[in-house]
Amino acid sequence: MFLLLSACGQDVTNPEAQICTGLTENEMVWIPAGSFTMGENPRYREEGPPRTIHVDGFWMDAHEVTNAQFAAFVEATGYKTLAEREPPKMEGAPAEMQQPGSAVFNVPSDDDPRWWHWVPGAEWRHPSGPHEKIVGQEKVPVVQIAYDDALAYAEWAGKELPSEEQWEYAARGGEAARPEPKDAAGAPQANYYQGVFPARDLGEDGFTTRAPVGCFKPNGFGLYDMLGNVWEWTSGDGVRADASEGVKVIKGGSYLCAANYCARYRPSARQFQERGLGTNHIGFRLVDNDKPAPTD
Ligand SMILES: [Ca+2]
């Protein structure tokens, strides 16, 4: 498992946690059936070609799974995430990668130009390493979640990860996609990276790291933070020749996505992530494909 991750940004000190809306935990919204154009004439090759897709109606989490929600799962089950377990043995891997830990973004410098480090002790309770605590961040999306961790949570919650088609349809919210999540006056409408990546995040949207869920307006379906904040796992399979294990599609971009690099804060954008590796900007939300449609 090598740290050939596509990043977009920096991780700095978390702001004080704040609660932006009265969102209820476990709140789900009904996404009505419809057809849409999936993909775009690509900014990136993997996004095309555009094609018409029909999606049946389904329920989707209104927001990303939070630290509080994940903590409840761990308390109920005793589950240990992949980042907390012994990593797979890899010949020639540096010593630190033989300890439990995960990938953490590093603001590059002349002394250390790497964007990603393997940080022993990085896991969901300590997203960028043992020094970082999530106390007071109950409403912030959980990160350092590998694909199988998300599956385990989904099984406990009686839900499923969205397909890529469901996710993209839901993220569009019945509206035309914008090239960047900002309004006509240029004000950011999501938590992403303003400024020149990776040197300096101006934080014009109010956040230079993960934001509590629900701090920005919901989309046309009533979903919060589909774009930006944290990447979200889907059940879609990806293709990546350099990966040391299977890859899955993640969607939505994160607080590390900037216009000058990545720009994957668009519904059609997709990235292929090794399923065993969470990072400090990948989380998830779930769907319920079995719950009946609302009656009104
Ligand atoms: Ca931001």
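The values are calculated or read from the model by the stated rules, or taken from the named source; none is laboratory data. Values in this document were obtained by computation on a predicted structure and should not be read as measured data. Backbone-built Cβ (ideal geometry, glycine too); neighbour counts: all protein chains shown.
Annotations
- Only residues that are more than 14 Å from the ligand (Cβ to nearest atom) and assigned to a strand (DSSP E or B) were counted across region 187-204, and they come to 0.
- Scanning region 205-263 for residues that are within 15 Å of the ligand (Cβ to nearest atom) and not in a loop (DSSP other than H, G, I, E, B), we see that the one that is surrounded by the fewest Cβ atoms within 10 Å (Cβ to Cβ) is Y261.
- Taken over region 184-218, the residue count meeting the criterion of being out of contact with any strand residue (DSSP E or B) (no Cβ under 9 Å at 6 or more places or on another chain), more than 22 Å from A171 (Cβ to Cβ) and not aliphatic (A, V, I, L, M) is 1.
- Conditions (1) hydroxyl-bearing (S, T, Y); (2) within 16 Å of the ligand (Cβ to nearest atom); (3) farther than 19 Å from S254 by Cα: number failed by S109: (2)
- Residue within region 72-89 that is in a helix (DSSP H, G or I), surrounded by fewer than 20 Cβ atoms within 10 Å (Cβ to Cβ), modelled with pLDDT of 95 or more and in contact with an Asp or Glu (Cβ under 6 Å, 6 or more places away or on another chain) present: yes
- Within region 165-204, the only residue that satisfies the criterion of being within 18 Å of the chain's Cα centre (by Cα), acidic (D, E) and surrounded by 23 or more Cβ atoms within 10 Å (Cβ to Cβ) is E168.
- Condition broken by D11, with the remaining ones in (1) outside any loop (DSSP other than H, G, I, E, B); (2) modelled with pLDDT under 95; (3) of a type outside the set (A, V, I, L, M); (4) surrounded by 19 or more Cβ atoms within 10 Å (Cβ to Cβ) satisfied: (1)
- Any hit, region 170-182, residues being at pLDDT 95 or above, under 30 Å from V107 (Cβ atoms) and touching a Gly at 6+ places or on another chain (Cβ under 9 Å): yes
- Pairs with Cβ under 9 Å, 6+ apart, first in region 191-217 and among the β-branched types (V, I, T), second not in a loop (DSSP other than H, G, I, E, B): V196/A258; V196/Y261; T208/Y193; T209/N191; V213/T66; V213/P141
- Identity of the residue in region 154-186, without any contact (Cβ under 8 Å) to a residue 12 or more places away in the chain, in a loop (DSSP other than H, G, I, E, B) and within 16 Å of the ligand (Cβ to nearest atom), that ends up nearest to L223 (Cα to Cα): D183
- Qualifying residue in region 146-153 (condition: surrounded by 18 or more Cβ atoms within 10 Å (Cβ to Cβ), assigned to a loop (DSSP other than H, G, I, E, B), touching a residue at least 60 places away in the same chain (Cβ under 8 Å) and not basic (K, R)): yes
- When residues of region 264-296 are limited to those that are of a type in the set (V, I, T) and either more than 19 Å from T81 (Cβ to Cβ) or at pLDDT below 95 (or both), the one farthest from the ligand (Cβ to nearest atom): T295
- G252 vs. criteria at pLDDT 95 or above and out of contact with any helix residue (DSSP H, G or I) (no Cβ under 9 Å at 6 or more places or on another chain): no
- When residues of region 107-123 are limited to those that are touching a residue at least 60 places away in the same chain (Cβ under 8 Å) and part of a loop (DSSP other than H, G, I, E, B), the one nearest to D148 (Cα to Cα): A122
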